[in-house]
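Report on one structure; see the data block that follows.
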Amino acid sequence: MDLAPEIFKSIIKEESAKLLKSMNAKLTPCIDYYISIDVDVSPFDNSDTKKEGVSYTYKKFDGYAPIFAYLGEEGYCVNAELRKGSQHCQKNTPEFLRKSIKYSKAITSNPLLLRLDSGNDAIDNIAICKEKMLILL
């Protein structure tokens, strides 16, 4: 039963991708015909709470540091993951990118352009882009 939440999360993300594909959701390219996947951590301020996973973030407050992946100029959320506030932005990012790319490719056949913050300037991420034939900015 412990795996149930993870299974449900992936089912929801896969079905969301299918829905966007079936609706022919508008996807505006950022450069020529390349569709962007924008990935970044966005710290949430949960100061003065006692919630599990709340810890000191790089933004100098207590909170969470979830990571998000948005597709196209419209910004369809294709993946999200709640993380502890103290977690480094690169930790577990390669697997997050693989899943985000998978969901994005389920939505569009256009080539993808991955845009990441400098905190994710890592050889592991470059390797994923080479493996998946993506452009990395």
Which residue out of Leu114, Leu97, Leu134 is touching a residue at least 24 places away in the same chain (Cβ under 8 Å), in contact with a Cys (Cβ under 8 Å, 6 or more places away or on another chain) and not β-branched (Val, Ile, Thr)?
Leu114
If we keep just the residues of the range 110-127 that are over 14 Å from the mean Cα position of the chain (by Cα) and among the hydrophobic types (A, V, I, L, M, F, W, C), which is nearest to Gln90 (Cα to Cα)?
Ala122
Taking the range 46-63 on its own, how many of its residues are in contact with a Pro (Cβ under 7 Å, 6 or more places away or on another chain) and either surrounded by 20 or more Cβ atoms within 10 Å (Cβ to Cβ) or under 30 Å from Leu27 (Cβ atoms) (or both)?
2
Among Ile7, Ile35, which is the only one that is in contact (Cβ under 8 Å) with a residue 60 or more places away in the chain and aliphatic (A, V, I, L, M)?
Ile35
Across the range 38-51, what is the total count of residues that are outside any loop (DSSP other than H, G, I, E, B) and without any contact (Cβ under 8 Å) to a residue 60 or more places away in the chain?
2
Which listed residue is under 27 Å from Met133 (Cα atoms) and either within 11 Å of the chain's Cα centre (by Cα) or exposed (fewer than 11 other Cβ atoms within 10 Å of the Cβ) (or both), from Pro94, Pro29:
Pro94
Need the failing condition index for Ser109 against (1) under 30 Å from Lys21 (Cβ atoms); (2) surrounded by fewer than 19 Cβ atoms within 10 Å (Cβ to Cβ); (3) in contact (Cβ under 8 Å) with a residue 24 or more places away in the chain, just the number.
(3)
Taking the range 32-45, which residues are among the hydroxyl-bearing types (Ser, Thr, Tyr) and either surrounded by 15 or more Cβ atoms within 10 Å (Cβ to Cβ) or over 20 Å from Ser118 (Cα atoms) (or both)?
Tyr33, Tyr34, Ser36
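No lab work stands behind these numbers, since they all come straight from the coordinates. Just so it is clear, the structure is predicted and the values come from calculations on it, not from any experiment. Please note: Cβ atoms are built from the backbone with ideal geometry, for glycine as well, and neighbour counts cover all protein chains shown.
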